[in-house]
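Notes follow once the structure below has been shown.
The values are calculated or read from the model by the stated rules, or taken from the named source; none is laboratory data. This is a predicted model, so every value here is computed, not measured. Glycine also receives a Cβ, built like all others from the backbone with ideal geometry; neighbour counts cover every protein chain displayed. What goes into the accessible areas is simple: the full protein's heavy atoms, side chains included, and nothing from ligands, DNA or RNA. Shrake-Rupley method; radii C 1.70, N 1.55, O 1.52, S 1.80 Å.
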Amino acid sequence: MKSKWVEELAQTLVCEYEKQGVSEDMALRVYSCRLLGQDPALVLHGGGNVSVKTTASDGLNDNLQVICVKGSGWDMGDIEPPGLPSMYLDRLLELRSFTSLSDENMVAYQRRSLLDPGSPNPSIETLMHAFLPHAFIDHTHATAVLSLTNQKNGEEIISNLYGTRVGIVPYVKPGFDLAIKACEIYTSNPDVEGLILLNHGIFSFGDTAKESYERMIDLVDVAEQYLSKHGRKAIFPQSELPTTPASAAEVLPIVRGLLAQTTSEASQTVILDFRSNENILDFVNGVEVERYSQMGVMTPDHIIRIKNKPLVLAPPKSDCLDDFRKHSKQSLEAFKNHYHKYFVENDAKSEADNQELDATPCVVLIQGLGFVGVGNTAKAAKVAADLYENNITGIAGAEAIGKYETISSSELFEMEYWSLEQAKLAGITEKPLDRKVMLITGGANGIGSATARLMANAGASVVVVDLDVSKAEEVAQSLGNDSIGLACDVTNPDDVKRVFNAACETFGGIDIVVSNAGRTWQGSIGEVSLETLKESFDLNFFAHQFVAQCAVKVMKSQGSGGALLFNISKQAVNPGNNFGPYGLPKAATMFLMKQYALEYGKHGITSNGVNADRVNTNLFADGLLESRAKARGISVDQYLEGNLLEREVLADDVAQAFLNLALARKTTSGVITVDGGNISASLR
Ligand code: ZN
C-alpha cells in the first residue's frame, strides 16, 4: 500500500474550499478522508471515521476550539465539509472525568455539543477522537490489519511486528468505555503513531492531515507486506466438485426463491448480487469452509449488514436441481434455527429489550459457483456482497498465517443488537416494488421506457431489453437501482434465453415481465403477402411466446409467483381497416395471455394485458399517424383526442396500467384498456 497524497491536488482543494469560506484544516481533512475512503482495502460503505481539531465560529464567538468528526450517513470516499459536524471540544473533554456513561447519554451529549444542531449525528467513536490529543486522527477497518489481529495470538503478532510504533487495544465495544481504554493505552506511550484495536481496526494520528494519513498507509503496509511474505500458500484444500456443475442462471432463481417469503397477500422477495472469481471459489470450495466461514465477521461494524455468518450451500449439479433445492431448503431452515438459538441465548444475558431480527441470511455461499449478497434492494445486495468479498480477503489472509478467530458470539450479538448500530439502518421506507426485478422488451422507447421508468421509481431493478443496445443502456443508466440494458432480438428464441440468463446472473431472478416489443404492419387482408403476415406474427405473437416461456421457467424455479404482462392492442378486439396483419397476431397474443393465466395461476403467476390505442410513440413513425388520421378523414390532433374522454393518451398512461397490473395480486387474465374510451373496442 502506497501513499496517494498529491500535494498539488491537496492545495487545489484548499483553494476551491477557501472560496466557499472553508478553512484549510477542513479542506485537508476532507482531502485525506476521501483518499482513505476510496480504498476498499481500508474502508467500505460508511465504515471508518476521521476527525480534525481546529477553530471555528458558532456565530456568537470566534476562534472556538472545536472537533469535527465524520457524521453518520456519510461515506468517507465522497465526504464534504457538512459530513464532518463540529462540536465544542471542551464540552466533550468534560466527559473524561466520568467513570461510566450510557450510550443514550453519550449520543445525547454529543448532540448537545454540536455547533449546528441541524448537523447529522457524529460517529459513535467521537469520544475516542476527542480524548486523543492530536489535530488529525484517522480510523479504518483495514483488511490486512484484521487478518493479523483476528487470530488466537493476534496481540503477539501485532506486538512483534510493530514493536513500539503502535499501542495495542484489546477488544471493547465502541463507545465511552473504548474511548477511555484507548486513551489510557495511548497515555502509557505517547510516542506511538497509532493504535491497533484488536478484532476491530486501526487508528493513526498526527499534527497534520498528511502525517496522520501517511502513518495509516505505512502501518497498513507493514501488515500487507507481512501477509504477502507469508504467501498465499494452498490456504484452502479444495473439496471435490460435481462433474456436471449447474450454471449460475439455473441456480440463482432457486436460491432467490428459497430466501423469499411468499403468502397469498404478498411476496417478499430479495435481490441477489452474485460474485465469483478465483479467490472466491477457493474460499467457498475449501473443505473447511464450514469452520472458517462460520467464525463470524472480521470487524463488528459489518455485522448489521451481513449478519454474523453466511449460509453455506452444497454444490449444485445441473441434472439434480431438485435435490439441490431440497437440501438447500434444509440448510436454510437449519441456518434460521441456529440464528434463533443465537438470539435466545444471548438475549437472555442481555439487559436490553431486544427484538429478534429477520433470520434470512445476508450472504449465501454456493459451493462450485461463488456467493451472493442478499438485500431488499440492488444497493443493499451490493453492500452485502462488497463487505463479504472483503471478509473473504481478510479471512484468507488470516488462514494463510494461522487460524482465523473472531470475538465471541455474545460480543458480536451485543454489536448486532446495539441500538446505536441498528439506528444506522432505521428510517428506510420500502417502496412497493423494492425487492422486485422487472424485465421489459422494447424498453428503450415510448411505452417501454415510460413503463421502465415508472416501475423503477416504484423501486424495481429493471432489465431494459431492446434491439438498440446503446439506447437500452442509456435508459437503464437513467433509472437507477443498478438497472441494466441488454441487446436482444425477441424474434430469436436463443437471444431471448440469453437475456433471461443475464437477468438471473445479475439480480438472481425475475418477478415482473413486460412483453412490450411490437411493430405495426399494414395491408388489405385479401391482398397481403404471406411474408408480411409471417413477419408480423414473428414479432407480434411468437416473440411474446418466447418471452413468456422463459419468464415462467424462471418464475417456477423461484416458486414465488410473478407477473406476466403483455402489450396487446385494441386491434385484438376491434379491427381497423388495412390493419389485419397487425391485429391478427395481437388477437392471438391476447389468447396467449389467457392461456398463461389458465396454466400458471396455480404457480401464483398472474398474466394480464393492456390494450392501448393511439399513443403517439415511434410505433406511429414514418407518416403512419398522418395516414391513420387521413384514413378517417380527420386531423392528427382530432385523431389523437378522438375518444370518449377527448384526451390524448400518453405513454405514461399506459405505463401506469402496467404498474397497476404488476401490483395486482388477485387479477389474472385481465385486460386494461387505455385508449381514452372507445365503445367499439371496449371489452364485454
Ligand atoms: Zn471502527
| request: May I ask you to list the residues in the stretch 429-443 that are assigned to a loop (DSSP other than H, G, I, E, B) and touching a residue at least 12 places away in the same chain (Cβ under 8 Å)? | output: 430, 431, 432, 433, 434, 435, 436, 442, 443
| request: Go through the stretch 218-270 residue by residue and tally those that are over 23 Å from residue 41 (Cβ atoms), charged (D, E, K, R) and free of Cβ contacts under 8 Å to residues at least 40 places away in the same chain. | output: 1
| query | With 207, 191 as the choices, which residue is out of contact with any strand residue (DSSP E or B) (no Cβ under 6 Å at 6 or more places or on another chain), in contact (Cβ under 8 Å) with a residue 40 or more places away in the chain and over 15 Å from residue 41 (Cβ atoms)? | reply | 207
| How many residues are in contact (Cβ under 8 Å) with a residue 24 or more places away in the chain and either surrounded by fewer than 21 Cβ atoms within 10 Å (Cβ to Cβ) or among the aliphatic types (A, V, I, L, M) (or both) when one looks only at the stretch 601-611? | 5
| query | Does the stretch 628-642 hold any residues that are under 44 Å from the mean Cα position of the chain (by Cα) and open to solvent by 20 Å² or more (accessible area, probe 1.4 Å), and which are they? | reply | 641
| said: Just to be sure I understand, how many residues within the stretch 546-602 are in contact with a helix residue (DSSP H, G or I) (Cβ under 6 Å, 6 or more places away or on another chain), charged (D, E, K, R) and over 23 Å from residue 656 (Cα atoms)? | reply: 1
| field | Flag for residue 195 being surrounded by 22 or more Cβ atoms within 10 Å (Cβ to Cβ), away from the ligand (no atom under 16 Å from the Cβ) and modelled with pLDDT of 95 or more | value | no
| request: Hand me the list of helices (runs of 4 or more DSSP H) wholly inside the stretch 180-296 holding 3 or more residues that are farther than 30 Å from residue 665 by Cβ. | output: 209-229, 278-284, 289-292
| task | Would you check if residue 60 is open to solvent by 70 Å² or more (accessible area, probe 1.4 Å), in a loop (DSSP other than H, G, I, E, B), without any contact (Cβ under 8 Å) to a residue 40 or more places away in the chain and more than 17 Å from residue 176 (Cα to Cα)? | result | yes
| task | Of the conditions (1) within 16 Å of the ligand (Cβ to nearest atom); (2) within 33 Å of the chain's Cα centre (by Cα); (3) surrounded by fewer than 23 Cβ atoms within 10 Å (Cβ to Cβ), residue 236 clears all except one; give me its number. | result | (1)
| Does the stretch 159-167 contain any residue that is among the small types (Gly, Ala, Ser), away from the ligand (no atom under 16 Å from the Cβ) and either part of a helix (DSSP H, G or I) or open to solvent by 10 Å² or more (accessible area, probe 1.4 Å) (or both)? | yes
| task | Sort out which residues of the stretch 317-348 are over 25 Å from the mean Cα position of the chain (by Cα), crowded, with 19+ Cβ neighbours inside 10 Å and within 17 Å of residue 248 (Cβ to Cβ), and write them in order of number. | result | 324
| note | Scanning the stretch 42-70 for residues that are within 15 Å of the ligand (Cβ to nearest atom), of a type outside the set (Ser, Thr, Tyr) and on the phi < 0 side of the Ramachandran plot gives 42, 43, 44, 47, 49, 50, 69, 70
| query | Where in the stretch 484-590 are the helices (runs of 4 or more DSSP H), entirely inside, with at least 1 residues that are open to solvent by 50 Å² or more (accessible area, probe 1.4 Å) and over 30 Å from residue 249 (Cα atoms)? | reply | 530-537
| said: Can you pull out every residue in the stretch 32-41 that is away from the ligand (no atom under 16 Å from the Cβ) and either of a type in the set (A, V, I, L, M, F, W, C) or at pLDDT below 90 (or both)? | reply: 35
| field | Residues being open to solvent by 20 Å² or more (accessible area, probe 1.4 Å) and either closer than 30 Å to residue 295 by Cβ or modelled with pLDDT of 95 or more (or both) - total across the stretch 408-430 | value | 14
| Name the pairs whose Cβ atoms lie under 6 Å apart, with the first residue in the stretch 116-128 and near the ligand (Cβ under 9 Å from one of its atoms), the second open to solvent by 20 Å² or more (accessible area, probe 1.4 Å) and not in a strand (DSSP E or B), and 6 or more positions between them or separate chains? | 124/420
| Out of all the residues in the stretch 388-425, which are assigned to a loop (DSSP other than H, G, I, E, B) and not charged (D, E, K, R)? | 402, 406, 407, 408, 417, 418, 423, 425
| message | Which condition from (1) in contact (Cβ under 8 Å) with a residue 40 or more places away in the chain; (2) farther than 21 Å from residue 292 by Cα; (3) not polar (S, T, N, Q) is the one that residue 358 breaks? | response | (1)
| query | Given 369, 387, which one is surrounded by 17 or more Cβ atoms within 10 Å (Cβ to Cβ), of a type outside the set (Lys, Arg) and closer than 16 Å to residue 508 by Cα? | reply | 369
| query | Here are 123, 113: which of them is open to solvent by less than 30 Å² (accessible area, probe 1.4 Å), among the polar types (S, T, N, Q) and farther than 23 Å from residue 45 by Cα? | reply | 113
| message | Within the stretch 15-53, take every residue that is among the hydroxyl-bearing types (Ser, Thr, Tyr) and part of a helix (DSSP H, G or I) and give me the one that is surrounded by the fewest Cβ atoms within 10 Å (Cβ to Cβ). | response | 17
| message | So if I check each of 598, 650, which one is of a type outside the set (Val, Ile, Thr) and either surrounded by fewer than 16 Cβ atoms within 10 Å (Cβ to Cβ) or without any contact (Cβ under 8 Å) to a residue 24 or more places away in the chain (or both)? | response | 598
| query | Looking at (1) within 16 Å of the ligand (Cβ to nearest atom); (2) open to solvent by 10 Å² or more (accessible area, probe 1.4 Å), which is the one condition that is false for residue 203? | reply | (2)
| request: Looking only at the stretch 444-463, decide whether some residue is of a type in the set (D, E, K, R) and not in a helix (DSSP H, G or I). | output: no
| remark: Note on residue 185: of the conditions (1) of a type in the set (A, V, I, L, M); (2) open to solvent by 10 Å² or more (accessible area, probe 1.4 Å); (3) in contact (Cβ under 8 Å) with a residue 60 or more places away in the chain, unmet is (3)
| task | Being surrounded by fewer than 22 Cβ atoms within 10 Å (Cβ to Cβ) and away from the ligand (no atom under 16 Å from the Cβ) is the filter here, so list the residues in the stretch 287-307 that pass it. | result | 287, 288, 289, 290, 291, 292, 294, 295
| query | Would a scan of the stretch 85-97 turn up a residue that is within 16 Å of the ligand (Cβ to nearest atom), at pLDDT 90 or above and either surrounded by 14 or more Cβ atoms within 10 Å (Cβ to Cβ) or closer than 25 Å to residue 297 by Cβ (or both)? | reply | no
